[in-house]
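The values are calculated or read from the model by the stated rules, or taken from the named source; none is laboratory data. Here the structure is a predicted model, which is why all the values come from computation and not from measurement. Here the Cβ is made from the backbone with ideal geometry for all residues, glycine too, and neighbour counts use every protein chain on show.
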Amino acid sequence: MEFRHLRYFMALADEGNFGRAARRLHISQPPLTRQIRQLEDEFGAQLFERTSKGVDLTEAGHLFREEAARILALAQQAAERTRKAGRGQLGRLDVGIFGSAVLNVIPRLILEFRRCYPEVEVHLHTMTRPEQVVALQEGRLTVGFVRVFPDAPEMAVETVLKERLMVAINRDNELSRHREIAVRAFAGQPLILFPSSPRPSLGDHVVALCHAEGFQPRVAQEVEDVVTSIALVSCGFGICVVPECATRLRLPHVVYRPLKGSEQLIELGCAYRPDDRSPILRSFLDVVRQFRSANEA
């Protein structure tokens, strides 16, 4: 039995007449008659009762009609799902996430992707940058979100957006009365740096800014994540430089002020393997580019 037998059978069952069914199938009547006879011979059962007006389904024919309709529907569904997968509209996307970006940018971007491609399963994996690089190389991740990404020829990085750097300050600190904070104001202030690893990091960038201003920062603590750093600010432990998206994290006694200087930006990127030809990856990168354009406008 072949799919054409199912299509021929369903056309005849629907029309109840060989002539009309043949016209619907765009074939002549003799080939249709032969195909139906072959089907009945294969089953060893009569599927149609011939009448003066055409044909009626037998009991076996009624049963086969149900099964044939189910098989054709499944075949159509399989074909449609395959087409969607080829267009990057169906499948699985594994995303590496980290740190401060999960407070704002990443959820917004993932939400937009799911709105555009609701049938793609999105799986999020919290990983450090080195863990993401390994997982990307091994094919366990499709994309990974990174900042301060080191040179890695085997990886490509698509810019998601560039964010301002902000200073998290306890409101009892005299710096909180400033509208913006210059790097030189860090001199003598207890400074909280994150992440403590991997290197290079945002913390390294902050230290470099201090060195460029001619002083050695007073590092009070190095921590692994933005939540811990802002919690320490809340307790009056020191000040901390964070990406703008981290300002969504509201803790008692913490205020945020822009770091002075229009050049003080940090990039959030989306890393992926350049040899990955996955349609889902192409779809995700399209959403990333649209997201970037919308936020640059």
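In region 283-297, the residues that are among the charged types (D, E, K, R) form Cβ pairs under 8 Å with partners that are surrounded by 14 or more Cβ atoms within 10 Å (Cβ to Cβ), at six or more places apart or across chains, as follows: ARG289/GLU158; ARG292/VAL160; ARG292/LEU161; GLU296/LEU161. For region 223-250, a tally of residues being touching a helix residue (DSSP H, G or I) at 6+ places or on another chain (Cβ under 8 Å) and surrounded by 21 or more Cβ atoms within 10 Å (Cβ to Cβ) returns 10.
Matching residues to (1) at pLDDT below 90; (2) in a strand (DSSP E or B):
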{"residue": "LEU111", "(1), (2)": "no, no"}
{"residue": "ARG114", "(1), (2)": "no, no"}
{"residue": "PRO118", "(1), (2)": "no, no"}
{"residue": "GLU131", "(1), (2)": "yes, no"}
{"residue": "GLY144", "(1), (2)": "no, yes"}
{"residue": "GLU158", "(1), (2)": "no, yes"}
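Please specify each residue of region 1-58 satisfying the condition of being exposed (fewer than 12 other Cβ atoms within 10 Å of the Cβ), in contact with an Asp or Glu (Cβ under 9 Å, 6 or more places away or on another chain) and closer than 23 Å to ALA73 by Cβ. Within region 1-58, no residue meets the criteria. Applying a threshold of 9 Å to beta carbon distances and a minimum spacing of six or more residues, or different chains, the list of pairs starting in region 217-244 at a residue that is touching a residue at least 40 places away in the same chain (Cβ under 8 Å) and more than 14 Å from LEU165 (Cβ to Cβ) and ending at one that is aromatic (Phe, Trp, Tyr) and buried (at least 23 other Cβ atoms within 10 Å of the Cβ) reads ASP225/PHE194. Being at pLDDT 90 or above and charged (D, E, K, R) is a description that does not apply to ARG87. Listed conditions (1) of a type in the set (Gly, Ala, Ser); (2) farther than 30 Å from PRO279 by Cβ; (3) outside any loop (DSSP other than H, G, I, E, B) are all met by ALA73, apart from (2). The set of residues in region 59-73 being among the small types (Gly, Ala, Ser) and exposed (fewer than 11 other Cβ atoms within 10 Å of the Cβ) consists of ALA73 alone. The criterion of at least 3 residues that are among the charged types (D, E, K, R) and closer than 30 Å to MET155 by Cα is met by the following helices (runs of 4 or more DSSP H) wholly inside region 184-297: 279-296.
Confirm whether ALA85 is touching a residue at least 40 places away in the same chain (Cβ under 8 Å), under 47 Å from the mean Cα position of the chain (by Cα) and assigned to a helix (DSSP H, G or I). Criteria met by ALA85. The residues on offer are ARG70, ARG34, and the sole one that is over 30 Å from GLU119 (Cβ atoms) and free of Cβ contacts under 8 Å to residues at least 24 places away in the same chain is ARG34. Note on region 198-222: residues that are in contact with a Gly (Cβ under 9 Å, 6 or more places away or on another chain) and either surrounded by fewer than 15 Cβ atoms within 10 Å (Cβ to Cβ) or under 17 Å from THR126 (Cβ atoms) (or both) total 2.
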